[in-house]
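Since the structure comes first, as structure tokens, the remarks are kept for the end.
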Amino acid sequence: MIRTALALALFAMPFAAAHAGTPPLVTTGMAGWYDEQAPGAPLLLGPTVAVDGTHGVLVGGALLSGSEMGAPYRGARLAGGWLIGPQRHLPIEIKARAFHRGGPADPEQGLVRIEARVNFAAPQAGAWMAIAKEQPYGFAGQIAQPLIGFGTWARHDGLSVMFDLEQRAGLLPQPSKRDSVRSAEGPRAAVLPSDPQEIMRVGLTSTRATVHWDRGRLALESVGGVTLSLAKPPKRWAEATAALQLTSNFTVFGTFGTRDPELYLIEPSDSPRSSVGFRLSQWRSASLDAPLVARASVTGWSARRLEGESWTLAVRAPGARLVEVQGDFTDWQPLRLDHTFGDKWKAVVALMPGVHQVTLRVDGGAWMPPPGAPTTADGFGGTVGVVAVE
Amino acid sequence: MSARSWRAACGAAFALAAALAWLASAVSAAPIDKRLVERLDPTTAEEVWKVVEAAEAQGVPTDPLIVTALEGASKHARPERIVAAVRERSAALLAAKEVLGPESTPGEIAAAAGALMSGVPRDTLARLRQERPKGSLLVPLVVLADLVTRQVPIETASMAVLHASRLGTRDADLLRLRSRVEGDIRRGVSPAAATIARLQTLGLGDAPAPPTSPGGSHR
């Protein structure tokens, strides 16, 4: 039931995103790494595809071994986020994600999860409270419902920090009876032992901190976390990523470290890894961890005449996923700017002599006058920017 | 011709005239702008179009009216609010045209309408035209509307732009003044004080004292 609902929700997200604003942006990418502990074929490939709409994001990825025949495992993940009421005081974010692995020598197992977040958002900082429901399958264990969590974030110019905490409880087999999700050897037990003496109750507290910085063509991100449990020693992990934009649609990146335990669901081992990859798109990041409501802001803008009635609108918006402009010259319909380099975006528009009203929007947020532009009343109780063309 | 056939002929002629009049009105009525039909509900589009046609008959630029309706649709304004905003813009455009004179460009009229809607009095626009009888008023009007939008008292904003125009300030310098006033306001300086101080530091000589105190009316 929950899997069906999740599949339908994820399937509908790109269409809803397209309906809500400008057409969604599609990103493709690939990462590769070598994992000595992965049995069979240590060379792994991780293709990804992302659909980014004004108020929604859908990310899909797969994990394939280098040798199809010898692959002891294949994995896939699908995740989506949708922002409801982005202009309201308490916007709600619906997130869903699913992990699945399985193959000839690997029993099918995975996890589906749906989460609702209530956001308290200001332009430069915010917090959220979340409630989530998880439905694992193919594992010997149960997760008590519901999960609860909270998080907070802040951003200034190209620097952003985020912290989140999640509390869950569940039932697991005693250590002697428990199989590991990281083991790739043989089929796994899919049910809890019938003897209550062989079952233990666990409480898990997961925390995670993220620091992201980008300037120009370079973006650096460091993510670390720890999972605390009464039954097991603390599980710590940390991963660093560096991304360099080479052209407007081509970015290379490299990562090093250990991954979020959630990803072990589709990965063969939890050993530290180094990976390299590339992304083909204007989109800077395929991460769904940051709240959709945590948006970048426009730090600079200019309007310059190209020739005749053609003008270039240039915008600087560090960390933005999406920048749009609208005004009388677009018949008040959103026009997506092209990402050129780093934090720079631009669009070429036709401006006839006269005065033109203009507003900008970043990452599906509120429409605002461009910073530094003259303003005027708009007749609907708001303010718009003005461009004067002689 | 008998009285009976005379009445029949008159009736036929009347019916023909009525049909021709209906046909003429149907032919002469321009179709509603496609953009309005696509973005507004039929009733609102029709109401807006009536305002547009009336404005056109008065020689007022009509594209700003259509764009205002589209802006309202984009901002999810209620239909009655959209029609009211279009009427308000139409009245402002007509007033601006009357004040600036028939030689004014559509851009100047649109900018002046924006200033009027921001609260700038007609008298200020008339004096601005007197100061610049030939030159374009586009930039002074944009700066004036911006200062008023940023809570500079109307009297102070009017004085600043009129004074700058009287001294033959170039448009680029006027835009620079606006930009610096905006920066000062962001740093916490009161809008009126920022305007007066920047007017004096732009090499425009001693600016006249504003007619009201900095804490005066704000539109």
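The values are calculated or read from the model by the stated rules, or taken from the named source; none is laboratory data. Fair warning: this is a prediction, and the values are worked out from it, not measured in the lab. Cβ coordinates were reconstructed from backbone atoms using ideal geometry, including for glycine residues, and neighbour counts include every protein chain displayed. Surface areas here come from the heavy atoms of the whole protein model, side chains and all, with no ligands, DNA or RNA. Shrake-Rupley method; radii C 1.70, N 1.55, O 1.52, S 1.80 Å.
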Item checked: Of all residues making up the range A:365-383, the number that are of a type outside the set (S, T, N, Q) and in contact with a strand residue (DSSP E or B) (Cβ under 7 Å, 6 or more places away or on another chain) -> 10
Notebook entry, point to check: Within the bounds of the range A:222-233, is there any residue that is modelled with pLDDT of 85 or more and among the polar types (S, T, N, Q)?
Noted result: yes
Margin query: Please list, ordered by residue number, the strands (runs of 3 or more DSSP E) wholly in the range A:317-390 having 3 or more residues that are touching a residue at least 12 places away in the same chain (Cβ under 8 Å).
Written below: A:323-327, A:344-350, A:354-362, A:383-389
Margin query: Within the range B:97-105, does at least one residue satisfy the condition of being touching a residue at least 40 places away in the same chain (Cβ under 8 Å), under 30 Å from B:Arg198 (Cα atoms) and of a type outside the set (S, T, N, Q)?
Written below: no
Note to self: Take the residues in the range B:97-107 that are away from every other protein chain (no Cβ under 13 Å) and more than 9 Å from the chain's Cα centre (by Cα); name whichever of them is surrounded by the most Cβ atoms within 10 Å (Cβ to Cβ).
What the structure shows: B:Leu100
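Filter the range A:206-218 for residues that are at pLDDT below 85 and in a strand (DSSP E or B); which is nearest to A:Leu147 (Cα to Cα)? Steps first, answer last, please.
Looking only at the range A:206-218, we keep the residues that are at pLDDT below 85, and these are A:214-217.
Next, only the ones that are in a strand (DSSP E or B) stay: A:214-215.
Values: A:Asp214: 33, A:Arg215: 36 Å.
Going through the qualifying residues, I end up with A:Asp214.
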Margin query: If the requirement is being at pLDDT below 80 and either over 16 Å from the mean Cα position of the chain (by Cα) or within 22 Å of A:Val51 (Cβ to Cβ) (or both), which of these qualifies: A:Pro91, A:Pro72?
Written below: A:Pro72
Next item on the list: Could you check the range B:108-211 for helices (runs of 4 or more DSSP H) lying wholly inside it with 1 or more residues that are open to solvent by 30 Å² or more (accessible area, probe 1.4 Å), within 11 Å of chain A (Cβ to nearest Cβ) and farther than 22 Å from A:Asp328 by Cα?
Entry: B:171-186
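If you take the residues of the range A:321-336 that are aliphatic (A, V, I, L, M) and surrounded by 23 or more Cβ atoms within 10 Å (Cβ to Cβ), which of them is modelled with the lowest pLDDT?
Residues of the range A:321-336 that are aliphatic (A, V, I, L, M), as a first pass: A:322-323, A:325, A:335.
Filter once more, keeping what is surrounded by 23 or more Cβ atoms within 10 Å (Cβ to Cβ): A:322-323, A:325.
Values: A:Leu322: 82, A:Val323: 89, A:Val325: 95.
By that ranking, first place goes to A:Leu322.
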Checklist line | Conditions (1) open to solvent by 20 Å² or more (accessible area, probe 1.4 Å); (2) away from every other protein chain (no Cβ under 12 Å); number of the one not met by B:Asp33 | finding: (2)
Notebook entry, point to check: In the range B:70-83, what count of residues is obtained for those that are acidic (Asp, Glu) and either buried (at least 21 other Cβ atoms within 10 Å of the Cβ) or at the interface with chain A (Cβ under 10 Å from one of its Cβ atoms) (or both)?
Noted result: 1
Notebook entry, point to check: Restricting to the range A:380-390, what's the tally of residues that are open to solvent by 10 Å² or more (accessible area, probe 1.4 Å) and either more than 9 Å from chain B (Cβ to nearest Cβ) or not charged (D, E, K, R) (or both)?
Noted result: 7
Notebook entry, point to check: Any chance the range A:289-301 includes a residue that's modelled with pLDDT of 90 or more, open to solvent by 40 Å² or more (accessible area, probe 1.4 Å) and in a strand (DSSP E or B)?
Noted result: yes
Item checked: Residues located in the range B:40-83, provided they are part of a helix (DSSP H, G or I), in contact with a Phe, Trp or Tyr (Cβ under 8 Å, 6 or more places away or on another chain) and not hydrophobic (A, V, I, L, M, F, W, C) -> B:Glu71, B:Gly72, B:Ser74, B:Arg81
Notebook entry, point to check: Residues of the range A:337-379 being away from chain B (no Cβ under 14 Å), of a type in the set (A, V, I, L, M) and open to solvent by 40 Å² or more (accessible area, probe 1.4 Å), which ones?
Noted result: A:Val348
Item checked: Checklist (1) touching a strand residue (DSSP E or B) at 6+ places or on another chain (Cβ under 8 Å); (2) modelled with pLDDT under 85; (3) surrounded by fewer than 20 Cβ atoms within 10 Å (Cβ to Cβ) applied to A:Gly110, failing item -> (3)
Next item on the list: For residues that are over 18 Å from A:Leu159 (Cβ atoms), open to solvent by less than 30 Å² (accessible area, probe 1.4 Å) and of a type in the set (Gly, Ala, Ser), tally how many sit in the range A:212-250.
Entry: 2
Next item on the list: Among the candidates A:Glu307, A:Glu262, single out the residue that is among the acidic types (Asp, Glu), open to solvent by 30 Å² or more (accessible area, probe 1.4 Å) and at pLDDT 75 or above.
Entry: A:Glu307
Check: Since B:Val86 meets every condition but one in (1) more than 24 Å from B:Val161 (Cβ to Cβ); (2) in a helix (DSSP H, G or I); (3) modelled with pLDDT under 95; (4) within 12 Å of another protein chain (Cβ to nearest Cβ), which condition does it not meet?
Finding: (3)
